[in-house]
Amino acid sequence: MKRGELWVKISAPHLDSQFGEDGNYADMGVVAKELLGEAPRMCVYSSGWPHVQGAMGGDPLTIRPFRDVDDSAFVDVVKGWVGNWRAFQQIMVDNPRRLWGWEGRD
(Lines give C-alpha, C1' and ligand atoms only; values in the text may rest on other atoms or scores of the structure.)
Protein backbone atom coordinates (compact mmCIF):
# COMPACT_ATOMS: atom_id res chain seq x y z
CA MET A 1 0.00 0.00 0.00
CA LYS A 2 2.75 2.46 0.90
CA ARG A 3 4.41 1.88 -2.49
CA GLY A 4 1.09 2.44 -4.28
CA GLU A 5 0.84 -1.17 -5.49
CA LEU A 6 -2.05 -2.50 -3.39
CA TRP A 7 -5.58 -1.17 -3.03
CA VAL A 8 -7.74 -1.92 0.03
CA LYS A 9 -11.52 -1.76 0.15
CA ILE A 10 -13.01 -0.47 3.42
CA SER A 11 -16.18 -2.53 3.35
CA ALA A 12 -18.75 -4.70 5.12
CA PRO A 13 -17.58 -4.65 8.76
CA HIS A 14 -20.73 -6.56 9.72
CA LEU A 15 -19.16 -9.71 8.29
CA ASP A 16 -16.41 -9.94 10.92
CA SER A 17 -17.24 -7.50 13.72
CA GLN A 18 -17.96 -8.75 17.20
CA PHE A 19 -19.54 -5.41 18.14
CA GLY A 20 -22.05 -4.80 15.36
CA GLU A 21 -23.65 -1.59 14.21
CA ASP A 22 -24.64 -0.42 17.71
CA GLY A 23 -21.00 -0.75 18.75
CA ASN A 24 -19.93 1.16 15.62
CA TYR A 25 -17.88 -1.85 14.58
CA ALA A 26 -15.13 -0.71 16.94
CA ASP A 27 -13.01 -3.82 16.33
CA MET A 28 -13.10 -3.32 12.56
CA GLY A 29 -12.49 0.40 13.09
CA VAL A 30 -9.08 -0.39 14.56
CA VAL A 31 -8.10 -2.18 11.35
CA ALA A 32 -9.61 0.45 9.06
CA LYS A 33 -7.96 3.34 10.92
CA GLU A 34 -4.57 1.63 10.66
CA LEU A 35 -4.96 1.12 6.91
CA LEU A 36 -6.26 4.66 6.41
CA GLY A 37 -3.40 6.06 8.49
CA GLU A 38 -0.70 4.17 6.61
CA ALA A 39 -1.83 4.68 3.04
CA PRO A 40 -5.01 6.73 2.64
CA ARG A 41 -4.32 7.14 -1.11
CA MET A 42 -4.79 3.38 -1.57
CA CYS A 43 -8.13 2.93 0.25
CA VAL A 44 -11.59 2.98 -1.29
CA TYR A 45 -15.02 2.71 0.30
CA SER A 46 -17.56 0.03 -0.57
CA SER A 47 -20.92 -0.65 1.02
CA GLY A 48 -20.60 -4.35 0.26
CA TRP A 49 -24.03 -4.31 -1.40
CA PRO A 50 -25.85 -6.51 -2.18
CA HIS A 51 -25.48 -7.92 1.28
CA VAL A 52 -25.59 -11.61 0.49
CA GLN A 53 -25.33 -14.38 3.01
CA GLY A 54 -22.44 -16.74 2.39
CA ALA A 55 -22.70 -20.51 2.41
CA MET A 56 -20.97 -20.61 5.82
CA GLY A 57 -20.18 -24.29 5.46
CA GLY A 58 -23.66 -25.15 4.22
CA ASP A 59 -24.89 -25.98 0.77
CA PRO A 60 -23.69 -23.16 -1.53
CA LEU A 61 -26.71 -23.70 -3.79
CA THR A 62 -29.23 -22.99 -1.04
CA ILE A 63 -31.08 -19.73 -1.65
CA ARG A 64 -30.70 -17.33 1.27
CA PRO A 65 -32.26 -13.91 1.84
CA PHE A 66 -30.14 -10.78 1.64
CA ARG A 67 -28.88 -9.35 4.92
CA ASP A 68 -30.63 -6.26 6.26
CA VAL A 69 -27.73 -3.79 6.54
CA ASP A 70 -28.06 -0.05 7.08
CA ASP A 71 -25.61 1.34 4.51
CA SER A 72 -26.26 4.93 5.56
CA ALA A 73 -25.23 4.13 9.14
CA PHE A 74 -22.03 2.52 7.84
CA VAL A 75 -21.18 5.68 5.87
CA ASP A 76 -21.47 7.62 9.15
CA VAL A 77 -19.15 5.11 10.84
CA VAL A 78 -16.61 5.51 8.03
CA LYS A 79 -16.75 9.30 8.45
CA GLY A 80 -15.67 8.78 12.05
CA TRP A 81 -12.89 6.42 11.06
CA VAL A 82 -11.33 8.80 8.53
CA GLY A 83 -11.54 11.77 10.88
CA ASN A 84 -11.79 14.68 8.44
CA TRP A 85 -13.68 15.77 5.36
CA ARG A 86 -10.64 15.73 3.04
CA ALA A 87 -9.82 12.10 3.86
CA PHE A 88 -13.49 11.16 3.46
CA GLN A 89 -13.57 12.82 0.01
CA GLN A 90 -10.41 10.93 -0.87
CA ILE A 91 -11.73 7.42 -0.15
CA MET A 92 -15.24 8.11 -1.46
CA VAL A 93 -14.42 10.06 -4.66
CA ASP A 94 -10.78 10.76 -5.48
CA ASN A 95 -9.30 7.30 -4.96
CA PRO A 96 -12.04 5.44 -6.87
CA ARG A 97 -11.57 7.87 -9.76
CA ARG A 98 -7.86 7.02 -9.88
CA LEU A 99 -8.39 3.29 -9.42
CA TRP A 100 -10.98 2.92 -12.17
CA GLY A 101 -9.63 5.59 -14.50
CA TRP A 102 -12.43 8.12 -14.05
CA GLU A 103 -10.13 11.12 -13.49
CA GLY A 104 -11.17 14.21 -15.39
CA ARG A 105 -14.73 12.91 -15.87
CA ASP A 106 -17.65 14.57 -14.10
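The values are calculated or read from the model by the stated rules, or taken from the named source; none is laboratory data. Everything numeric here is computed off the predicted structure, so don't read it as measured data. Positions of Cβ are backbone-derived with ideal geometry, glycine not excepted, and every protein chain shown enters the neighbour counts.
How many of the residues in the range 1-39 are over 13 Å from the mean Cα position of the chain (by Cα) and under 26 Å from residue 100 (Cβ atoms)?
So the count comes out to 10.
Scan the range 63-80 for residues that are in contact (Cβ under 8 Å) with a residue 40 or more places away in the chain, among the β-branched types (Val, Ile, Thr) and outside any loop (DSSP other than H, G, I, E, B) and jot them down.
Answer for the range 63-80, where residues must be in contact (Cβ under 8 Å) with a residue 40 or more places away in the chain, among the β-branched types (Val, Ile, Thr) and outside any loop (DSSP other than H, G, I, E, B): 77, 78.
I'm trying to understand the selection: among the residues of the range 24-51, which are part of a helix (DSSP H, G or I) and under 15 Å from residue 69 (Cβ atoms)?
Correct list: 28 only.
Condition (residue is part of a helix (DSSP H, G or I), within 18 Å of residue 15 (Cα to Cα) and of a type in the set (S, T, N, Q)) applied to the range 81-100: is it met by at least one residue?
No, because not a single residue in the range 81-100 is part of a helix (DSSP H, G or I), within 18 Å of residue 15 (Cα to Cα) and of a type in the set (S, T, N, Q).
Out of curiosity, is residue 16 farther than 22 Å from residue 90 by Cα, surrounded by fewer than 17 Cβ atoms within 10 Å (Cβ to Cβ) and either touching a strand residue (DSSP E or B) at 6+ places or on another chain (Cβ under 8 Å) or modelled with pLDDT of 85 or more (or both)?
No; evaluated as a whole, the condition is false for this residue.
So for the range 53-69 (the condition being more than 20 Å from residue 17 (Cα to Cα), among the aliphatic types (A, V, I, L, M) and out of contact with any Asp or Glu (no Cβ under 6 Å at 6 or more places or on another chain)), does at least one residue qualify?
There is at least one residue in the range 53-69 that is more than 20 Å from residue 17 (Cα to Cα), among the aliphatic types (A, V, I, L, M) and out of contact with any Asp or Glu (no Cβ under 6 Å at 6 or more places or on another chain).
So, of the residues in the range 72-106 that are farther than 15 Å from residue 36 by Cα and of a type in the set (Asp, Glu), which turns out to be farthest from the chain's Cα centre (by Cα)?
106
Please go through the range 24-45 and give me each residue that is without any contact (Cβ under 8 Å) to a residue 12 or more places away in the chain and either loosely packed, with under 14 Cβ neighbours inside 10 Å or hydroxyl-bearing (Ser, Thr, Tyr) (or both), ordered by number.
Within the range 24-45, 26, 30, 34, 37 meet the criteria.
With (1) over 16 Å from the mean Cα position of the chain (by Cα); (2) surrounded by 11 or more Cβ atoms within 10 Å (Cβ to Cβ) as the list, and residue 48 as the residue in question, which single condition is left unmet?
All conditions pass for residue 48, except number (1).
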